[in-house]
Structure formats: C-alpha cells, structure tokens
Amino acid sequence: MEAARRALCVSDPFNPLITTFAQSAGILVISHCFHLFLKQFGQPGPVAQILAGVVLGPSLLSRIPKVNRFFIQSSTADYYEVIETIFRTVFMFLIGLEMDIPYMRRSLRKASIIASGGVIVGVLFGIAVSISLIIMLKIKSQLFDFATIIIIALTNSASPVVFRLAAELKFLTSDTGRLAACASLITEMFCVLWRSVSLAVDPWKNLGTGILFLLMTVTLIGINKYLASWCNQRIRNQKYVTKTEFLVFLFLLIAAALFIEEYGYNSAISCFLLGLMFPREGKTTRTLLHKLSYATYNFILPVYFGYIGFQLNVSILGRLKPLITVIVMIVMSIATKIIGTLVACRYLKISTDESIVLGFLLDLKGNAELQILGKLPKETLKHWKEADVHGMVVSVVVMNTVIAGVVVAHILRKKEEYFSHSHTSLELGEPESELRMLACVYGSRNISSKIGLISAFSESLKTPVTAYLMHLVELPKKRTKKNLMYHQLQDGDQYSDEEDYGGNDVVEINDAVDAYTMETKVLIHQRKVVSHFERMYEDVCDSIEDLRVSIIFLTFHKHQRLDGKMESGKDGMRTTNHKVMRHAPCSVGIFVDRGQTGFQQPTSQSVQNIATLFFGGSDDREALACSKMISNHPHIHLTLIHFQNLPSSKQTEYTNEIIHRNDELLLEMSNHEIEAEIDRAYTQDFYNRYVTSGQVGYVEKYVENGTQTAEALRDIHDTFSLLIVGKGGRGNSPMTSGMSDWEECPELGTVGDLLASSELNTNSSVLVIQQYRHSRNDLN
C-alpha cells in the first residue's frame with residue numbers, strides 16, 4: 001500500500017507518531033467522559049465515541065490554531081490510513097470469529113431479503129438524489145463515480161457499528177439483533193463488491209486480481225486450520241497459546257490485508273472470511289478471542305469510531321447548498337432503510353416494532369463509505385473540491401449514525417418489555433423456537449456429565465440449540481479482582497487476574513470442551529464468573545438475561561464418594577443454588593451427578609436409559625417438556641413413568657375435602673382441579689405424540705401414599721442412568737404425603753430429595769426441574 005510506504009519512510013516520523021497517539025488518547029479520554037454522562041440516558045458507547053471525535057476535530061477544539069497545527073498535519077494522514085487499515089483488519093476478523101454460524105445459516109434467506117429491501121430502495125433513491133445533486137452542485141466530471149459514492153452512502157450499513165451498538169445495548173443475542181448483524185454484513189459486502197467492480201479501470205485485469213486474492217484467502221484459511229490444530233496439540237497443560245504463536249496468526253492476518261489493500265482492493269471481506277472459517281475449538285481460538293476482544297472493545301473500536309467523528313467539519317454546513325445536500329441525504333438515507341426494511345419485514349411477517357428497529361440499525365454508517373471515499377483518485381477529489389463532496393459525505397455519515405444510534409436506544413428503552421429477554425417456560429415455549437441453555441460447573445468434577453447433558457439436547461432437537469458452559473469460581477473473601485499492567489503478565493495471561501482463579505480445573509474443563517467440539521462439531525460457548533459466593537447469583541442471573549437463556553442447569557452441592565455416600569461440598573455452592581432458583585428469570589435444573597455409574601454422554605457405545613417421573617403439577621410438566629427435547633436422540637431410551645392415585649385414595653381425598661369445606665378450600669379445590677385437568681391434557685398429548693409411535697416407553701404406577709411412592713422409587717432406582725423429575729408444584733398430593741418428614745434438601749423437592757439421598761442407595765443421576773414463575777417467594 002502506497003500510504004504505508006510513505007508513512008514508514010518519512011524523514012521525521014517522531015512528531016506524526018506523537019500526534020497520532022495523542023489523538024487516540026484524547027478520543028479515549030473524552031469518549032469516556034461522554035459515556036459516563038450519556039449512559040444515564042441509555043445511549044451506547046459508539047455514540048459517545050463519535051461525539052468525542054467531533055469535539056476533538058475541526059468542528060470544535062481543532063478550530064484553535066495551535067491544536068489544529070498539532071492534530072491536522074499533512075504527514076499524519078498516511079499514519080491514520082495505515083492504522084485505520086490495521087484496526088479494520090482486526091475487528092473484521094473478530095466479527096467473523098464471533099459470528100453465530102448456525103444462526104447465520106438458518107437465517108441467511110431472511111437476512112438476505114431484509115438486506116435486499118434496503119439495497120434496492122437505496123439504489124433507486126440514490127440514483128434520484130445523485131441526479132439532483134449533480135444539477136444543484138454543478139458536478140461536471142466523474143459523474144459515474146459521484147453517483148456511485150452517493151448511492152453507497154445511502155445504501156450501506158456499517159457492520160462494525162451495528163455489532164457494537166447492539167452489543168452495548170445488550171441486544172445482540174436477540175433474534176432482532178442477530179438478524180440486523182447478518183443483514184448489515186450482507187449489505188456491506190455488497191457495497192464493497194460493487195465499489196470494486198464499478199470503479200475498476202480495467203475490468204478483466206481486476207477480475208483476475210480479485211480471483212488471485214480469493215485463492216490467497218482460501219489458502220490462508222487452510223494454513224490457519226493447520227497451524228491452529230498444531231498449536232492446540234503442542235502444549236496440552238496450558239490455557240492459552242504463547243504470545244509468539246498469537247503474534248504469528250496476527251502477522252499473517254495483517255500482512256494479507258495490507259497486501260490486498262496495496263492493489264486498491266478492500267480487505268474487509270477477506271478478513272471477515274478468515275475469522276468466519278477459523279477453527280472454533282481449541283486454545284488457539286480461545287486465545288484469539290480473549291486477546292483481540294480486550295484490545296478491540298477497549299481501544300480499537302473506540303478510536304476507530306472517534307476518528308469517524310474527527311473527520312467532521314461543521315463549518316461546511318454554514319453554506320446553503322452543502323447544508324441542503326446533507327439534510328436531503330440524511331432524510332433519504334433514513335427513508336431508504338425504513339421503507340426497504342418495512343417492505344421486506346412485511347413479506348417475512350415480522351412485526352412493525354421490530355421492522356423499525358431493524359431499519360434504524362441498518363441505517364448506521366461509518367465503515368465502507370469512508371473507505372471508498374478515501375480510495376478515490378486525488379484527481380477526482382480535486383474536481384469535487386469546490387463542491388466539498390468529501391466533507392458532505394462525512395457529515396452525512398457522522399450525523400446519520402448519531403441519529404440512528406440515539407433513536408434505536410430510545411426505542412429499546414421505551415419498548416423494553418417487548419425487546420427484553422422473554423421470560424417463559426419450556427412448557428409454554430414455541431415448538432420451533434431456539435433453545436438457549438446454560439450449564440454451570442463449580443469445578444472439573446462434573447464437567448463430563450454436563451457435557452453429556454448438553455450433548456443430549458444438542459444432538460436431539462431438530463430446532464436450533466445454543467449451549468453455554470459457565471465455570472463458577474469462588475473469589476476468596478480477603479481478595480478482590482484487579483487489573484494488571486502489561487509488564488506484569490506471564491506468557492499467555494490476560495489483563496485481569498481473573499484468569500488466575502480456577503486452577504487446574506480451567507485446563508481440564510477447556511480440554512473436555514475442546515474434545516467434545518472436535519468430535520461432534522457442536523460448539524459450546526464458555527463463560528467464567530469469579531465472585532464471592534454471596535454475590536455470585538447476581539452475575540449468573542445477569543448472564544441469563546444477557547444471553548437470553550431458556551433453562552439453566554446448576555450442579556448439586558453434594559457429590560458421591562467411592563462408597564456411594566453423598567458428601568457435601570462448600571456451603572457457598574448450596575447458597576448460590578438457592579439464590580439462583582429464587583431469582584433466575586428462566587427455568588432451573590439442579591443436576592445430581594453420580595459419577596461413572598450415572599448419566600454420561602450418549603454414544604453408540606454408551607446408550608443412556610432415562611426416565612421421567614410424572615406426579616403432576618407445573619414443575620413436572622416442565623420436566624416432561626425438558627424430556628421431550630431429548631427423546632429424539634438416537635442413543636437415548638426415554639421412559640415416562642406416570643404415578644397416579646389409586647381410585648380409593650381419590651375417593652378418600654374427596655370425602656375429607658367435603659368435611660372441611662369452606663370458601664377458601666373451595667378456591668383451592670378449584671385450582672387443584674384446573675391443575676389436574678392441565679396435567680391430563682399435557683400427558684395425553686405427550687402420549688399421543690411420542691408413546692403411541694414407540695419413540696418413548698410408558699409405565700403407569702398406582703400408589704396411595706408417600707410410603708408406596710418411596711417403595712416404587714426404590715424398585716426403579718438402578719434401572720436408569722438418569723431420573724428427571726419436577727421439584728414441586730403438586731399441592732397437597734397424597735402420593736407424596738409424609739415424604740417431606742425426612743426431607744434434607746428442600747431445593748430438590750420431596751421426590752428429588754429422596755432420589756438424591758444416600759439412603760436410597762441409587763446409582764442413577766438425578767435432574768430436578770423447577771419451572772419459571774413470575775413470583776417465586778417460596779423455595780419449598
């Protein structure tokens with residue numbers, strides 16, 4: 001790249017370097033101050049960062065002569081271009097690396113239609129606007145180039161801005177946020193390709209060069225796969241690859257991007273593809289995500305967004321024609337995205353509220369437009385200097401992005417209930433909806449069974465499953481997390497001592513997850529919480545909200561010894577489980593692990609026999625809904641054991657209720673009858689769907705009281721590797737009467753407590769399910 005050579009070969013690079021770094025530092029400081037103020041009004045970070053650039057640039061502070069001479073020098077422009085290219089390379093690679101590939105595959109058609117709606121309307125509006133502006137601004141040369149710039153300025157969606165703004169608003173994990181991210185990528189790739197084709201001097205030569213760069217990208221994807229596999233296997237007892245290995249991958253990425261940019265092509269597509277096709281398993285990917293995420297979100301993107309605002313010069317708006325041009329383009333840009341997105345969403349039967357949010361998200365600018373503008377020949381810009389096309393396009397990009405960001409934040413705040421995490425149970429969830437599950441472990445002891453649980457869901461459901469694994473690590477009471485300086489880091493460490501916690505458990509958990517991912521190609525997203533046990537539940541519940549989890553699986557605080565007895569772990573584990581069950585905005589499962597004799601990952605060599613125990617009530621229905629999701633697994637044999645009252649016990653219960661009848665008991669009886677009817681309908685539907693087809697086994701057991709229920713449970717305890725049961729919600733059922741007298745762990749319910757106790761002497765693992773309810777004031 002010519003700019004890179006000029007930047008690296010100037011006679012006195014010291015002063016321009018100071019200017020460049022001072023500008024970056026100023027943007028970071030000012031944007032932080034803006035963010036502290038604007039976050040009170042729900043405004044995201046990118047808005048504050050762009051405004052910081054505006055304040056530092058020629059619109060405000062750089063109007064002071066001394067500041068202007070320091071920041072705006074002819075020699076610094078080349079440095080800015082090189083740094084901008086490197087920054088763009090890193091964050092486009094990271095976007096590809098973090099991309100939800102399964103969602104992208106299944107939503108490609110929908111995202112393409114939404115992107116196409118904006119593009120088609122943008123091209124039509126762009127042609128009309130460019131013709132009007134050519135006449136008004138009296139553009140007499142390079143008319144096609146001018147029209148191309150105007151059309152792209154109206155059409156493009158800046159994917160980095162969309163990703164970051166959606167993430168800041170905790171909106172990226174929602175269907176609308178992910179759809180906007182995919183649509184913005186498609187739109188931006190279209191604009192980049194269109195620019196490459198439309199501005200080509202020699203189409204055939206450029207086509208050949210483009211094919212060469214495509215082959216180079218494919219080759220580099222293969223090299224990355226080989227190197228990643230080699231690094232993963234080289235040292236097995238480390239959490240991350242070394243800094244040298246990390247820098248090798250970074251060097252290959254940046255070198256390829258600069259080589260492509262040297263020939264006048266945009267490297268964004270290649271960088272995104274390199275990240276998208278990078279292997280997802282192993283410590284190499286884990287290292288890249290940790291190190292690049294920290295640098296990108298805390299430095300690269302804030303500076304990049306700030307530099308967008310820095311280029312704005314509001315003085316051009318003091319003249320009538322530029323002011324009218326900018327206003328017209330902003331209005332047309334918003335209209336382009338809103339109209340195009342509304343039409344596409346109406347065809348896809350997406351609600352109007354979501355359509356409007358999608359439209360404004362796709363109206364975010366600030367990436368491809370400025371790149372394309374910067375790549376234009378200097379002769380072209382000289383011809384347009386009198387009309388100040390560059391300044392007007394920058395003004396449109398900056399103002400449009402700030403307006404769209406503010407509007408999106410306002411809509412999400414006003415419609416918070418509509419766009420927030422949908423708090424619902426598995427029983428009431430849509431059959432085709434995505435299952436987002438979170439499995440929590442306190443150490444490596446239970447990792448194999450939790451991976452088996454994830455496998456049972458991920459490989460059974462025809463509907464999509466997104467699995468998260470969270471490592472819960474206790475922070476000692478006398479210690480607090482702290483940030484480290486770079487020179488304090490050991491090889492492979494991060495900028496926070498949070499990575500020091502967890503010990504060897506972290507390595508064992510990572511190895512188990514990597515082995516499963518390599519074997520099944522099912523991706524498990526890993527998270528880590530380091531906190532005091534007293535506050536750990538807050539971090540867990542916040543993660544449930546942010547990740548929009550449908551069900552969370554906790555680890556029981558007891559573990560099985562070699563003699564079969566259950567031994568308690570740390571008291572804080574039980575306290576955390578209690579608090580999560582009380583406050584979690586989703587259904588909760590507590591998993592009692594029996595080690596090698598209990599539930600394991602279902603495989604052709606290890607077929608798992610699982611039983612669901614149904615007594616009645618909301619929690620048992622949730623357990624049955626959970627069981628439905630694993631019934632399709634080829635290596636799982638599921639049996640529904642339906643416990644029912646003996647006819648005589650039903651008559652006795654009815655007689656006793658007649659004797660003690662009053663208004664309150666009449667209401668309770670009415671509620672009980674409603675619950676019983678719901679249970680009958682739900683089990684009948686399950687029977688018709690799964691039992692009659694032979695997919696699930698079915699056993700009925702008639703019991704009269706808790707003693708008979710306990711005897712029945714002892715008869716089946718070693719027949720199955722996993723027993724699934726609801727926590728409670730059965731009311732005063734005679735089938736469990738008296739069982740609570742010896743209850744030790746009320747968080748498991750009466751039946752779950754018996755199954756998890758040492759007295760039952762069972763080898764089966766137990767999964768106790770609690771259905772999400774809006775009011776959960778009682779854990780019993």
From the cross-link list Lys225/Lys283; Lys570/Lys628; Lys225/Lys375, the entries with a Cα-Cα span beyond 22 Å are Lys570/Lys628; Lys225/Lys375
For a protection proxy built on the mean count of beta-carbon atoms within 10 angstrom, sort 416-424, 748-756, 627-635 highest first, please. 748-756, 627-635, 416-424
Local electrostatic count, Gly366, Cβ distance below 12 Å [Lys/Arg +1, Asp/Glu -1]: -1
Everything considered on the Cα gyration tensor (a ≥ b ≥ c; rounded for a/c under 1.5, else prolate if a/b is larger than b/c, else oblate), segment 51-188 must be described as oblate
Residues with amide H under 5 Å of Tyr698's amide H, sequence separation 5 or more or different chain, H placed in the peptide plane at 1.01 Å from N; which? Leu640
What FRET efficiency, computed as 1/(1 + (r/R0)^6) with R0 = 30 Å and r the Cβ-Cβ distance, is obtained for Ile101 and Thr575, rounded to the nearest 0.05? 0.20
As a test of reading the structure, rank Trp194, Trp742 by solvent-accessible area (1.4 Å probe, protein chains only), most first. Trp742, Trp194
Give me a comma-separated list of calculated 3J(HN,Hα) values for segment 238-246, in order, Karplus coefficients 6.51, -1.76, 1.60 applied at θ = phi - 60°, integers in Hz, x for any Gly or Pro. 10, 6, 9, 6, 6, 5, 5, 5, 4
Expected output is a single nm value to one decimal: the length gained when fully extending between Lys39 and Ile135, i.e. 0.36 nm times separation in residues minus the C-alpha distance. What is it? 30.3 nm
Each residue of segment 757-766 in order: what ³J(HN,Hα) in whole Hz does its phi give by Karplus 6.51 cos²θ - 1.76 cosθ + 1.60, θ = phi - 60°, with x for Gly and Pro? 7, 6, 5, 6, 6, 9, 9, 8, 6, 10
Heavy-atom accessible area per residue - the chain, 1.4 Å, Å²: 45
Want the number for Leu252 to Thr219: 0.36 nm per residue separation, take away the alpha-carbon distance, what's left? 10.7 nm
Using label points projected 7 Å from each Cα along Cα→Cβ, tell me how many nm separate Glu430 and Phe144, to one decimal. 4.6
What are the ³J(HN,Hα) couplings of segment 525-533, residue after residue, when phi is run through the Karplus curve with 6.51, -1.76, 1.60 and θ = phi - 60°? Round to Hz, x for glycine and proline. 7, 9, 9, 9, 10, 10, 7, 5, 4
Could you give the nm distance between label points at Arg582 and Ser604, where each point is 7 Å from its Cα heading toward the beta carbon? 5.0
Taking the Cα atoms only, what angle lies between the long axis of helix 301-310 and the longest principal axis of the chain, rounded to 10 degrees? 40
Full-extension gain in nm, Tyr698 to Lys528, via 0.36 nm per residue minus C-alpha separation: 57.2 nm
With a 1.4 Å probe and every protein chain kept in, tell me what percent of the accessible surface of the chain is carbon plus sulfur. 58
How large is log10 I(q)/I(0) at q = 0.04, 0.06, 0.09 Å⁻¹ when the Debye formula is applied to the Cα atoms of the chain, each weighted equally and without solvent? -0.21, -0.46, -0.91
Against the longest alpha carbon principal axis of the chain, how many degrees, from 0 to 90 and to the nearest 10, is the axis of helix 706-716 turned? 70
With each pseudo-label sitting 7 Å past Cα toward Cβ, what's the Thr597-Arg714 distance in nm, one decimal? 1.6
Taking amide hydrogens as modeled 1.01 Å from N in the peptide plane, which residues meet the under 5 Å criterion relative to Ile235, leaving out close sequence neighbours? none
Please give the calculated 222 nm ellipticity per residue for the chain, where each DSSP H segment of at least 4 residues contributes -39500 (n - 2.57) and the sum is spread over every residue; nearest 500 deg cm²/dmol? -18500 deg cm²/dmol
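The values are calculated or read from the model by the stated rules, or taken from the named source; none is laboratory data. Please read these numbers as outputs of a predicted model, since none were measured by experiment. In this analysis, Cβ positions are derived from the backbone assuming ideal geometry, glycine residues included, and neighbour counts consider all displayed protein chains. Keep in mind that these areas ignore ligands, DNA and RNA; they rest on the heavy atoms of the full protein, side chains included. Shrake-Rupley method; radii C 1.70, N 1.55, O 1.52, S 1.80 Å.
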